[in-house]
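What follows is a set of notes on a single structure, which appears directly below.
The values are calculated or read from the model by the stated rules, or taken from the named source; none is laboratory data. All values reported here derive from a predicted model rather than from experimental measurement. Counting neighbours? That spans all protein chains shown, and the Cβs are built from the backbone with ideal geometry, glycine included.
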């Protein structure tokens, strides 16, 4: 079956620090990969995605590259801000009869201090 | 566009009580989903509806029922609530068919079962 493993949290950083949140996956077939973000008290929002090997998804200064050889999709940002404090979820989706069902990692809490 | 809306936002139940969580989307999406979010476990799929008129079990369906009332609405029912169902519940939708690449989430319902 499908599974997603994320780096254990919580992660605490100072403003302008470099961020990496690791994500690895196992999947049958050829998945699409996603990072979702959940700000306090809100639902999940799509942060970025990649649909094939070597694709790089990017948004709001965050980036992640789909690495098929290492089955990874690590999230990076060069300089975090206090407003990036949130929970980050890595997720995958396989096509066909999966009907768009996402498989999520456990989430990583990020706190950024001024 | 309101996107995906959920009611209520908060609910407290006693063990054995029943309730229905409501979800509606105004994006003309075909597929809808119910997830629960528990600390350290990410989001787990309870039920989904690939298209109007169909529903299927997800990863954790026990203790829940769903109804896809029409294309817009997808409700989740707890017939006899248990403390193990204390969680945050999210509804999501996506266009379906060939366009499974993004799910849109509602703001969530925080349920406590005493």
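For this structure, a couple of remarks:
- Top-ranked residue of the range B:67-78 - restricted to ones that are crowded, with 19+ Cβ neighbours inside 10 Å and away from chain A (no Cβ under 14 Å), ranked as farthest from residue B:16 (Cα to Cα): B:76
- Look at (1) at pLDDT below 90; (2) in a strand (DSSP E or B) and you find that residue B:51 fails only one, number (2).
- Here residue B:81 passes the criteria (1) within 11 Å of another protein chain (Cβ to nearest Cβ); (2) in contact (Cβ under 8 Å) with a residue 40 or more places away in the chain; (3) more than 12 Å from the chain's Cα centre (by Cα); (4) surrounded by 19 or more Cβ atoms within 10 Å (Cβ to Cβ) except the one numbered (1).
- Only residues that are within 12 Å of the chain's Cα centre (by Cα), more than 7 Å from chain A (Cβ to nearest Cβ) and either in contact (Cβ under 8 Å) with a residue 60 or more places away in the chain or farther than 17 Å from residue A:106 by Cα (or both) were counted across the range B:35-54, and they come to 3.
- Some residue of the range B:104-112 being farther than 26 Å from residue A:90 by Cα and in contact with a strand residue (DSSP E or B) (Cβ under 6 Å, 6 or more places away or on another chain): yes
- Residue list for the range B:28-48, filter: under 25 Å from residue A:41 (Cα atoms) and in a loop (DSSP other than H, G, I, E, B): B:29, B:38, B:39, B:40, B:41, B:42
Residues are listed down the side, and each one gets a yes or a no for (1) in contact with a helix residue (DSSP H, G or I) (Cβ under 7 Å, 6 or more places away or on another chain); (2) part of a strand (DSSP E or B); (3) within 14 Å of chain B (Cβ to nearest Cβ); (4) surrounded by 13 or more Cβ atoms within 10 Å (Cβ to Cβ):
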{"residue": "A:12", "(1), (2), (3), (4)": "no, yes, no, no"}
{"residue": "A:28", "(1), (2), (3), (4)": "no, no, no, no"}
{"residue": "A:41", "(1), (2), (3), (4)": "no, no, yes, no"}
{"residue": "A:48", "(1), (2), (3), (4)": "no, yes, yes, yes"}
{"residue": "A:53", "(1), (2), (3), (4)": "no, no, no, no"}
{"residue": "A:69", "(1), (2), (3), (4)": "no, no, no, no"}
{"residue": "A:76", "(1), (2), (3), (4)": "no, yes, no, yes"}
{"residue": "A:92", "(1), (2), (3), (4)": "no, yes, yes, yes"}
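- Checking each residue of the range B:16-25 against the condition of being within 13 Å of another protein chain (Cβ to nearest Cβ) and either in a loop (DSSP other than H, G, I, E, B) or surrounded by fewer than 21 Cβ atoms within 10 Å (Cβ to Cβ) (or both) gives no match.
- Any hit, the range A:16-23, residues being closer than 26 Å to residue B:111 by Cα, in contact with a strand residue (DSSP E or B) (Cβ under 8 Å, 6 or more places away or on another chain), assigned to a strand (DSSP E or B) and touching a residue at least 12 places away in the same chain (Cβ under 8 Å): no
- Screening residue A:81 against (1) in contact with a helix residue (DSSP H, G or I) (Cβ under 9 Å, 6 or more places away or on another chain); (2) surrounded by 13 or more Cβ atoms within 10 Å (Cβ to Cβ); (3) closer than 23 Å to residue A:113 by Cα leaves a single unmet condition, (1).
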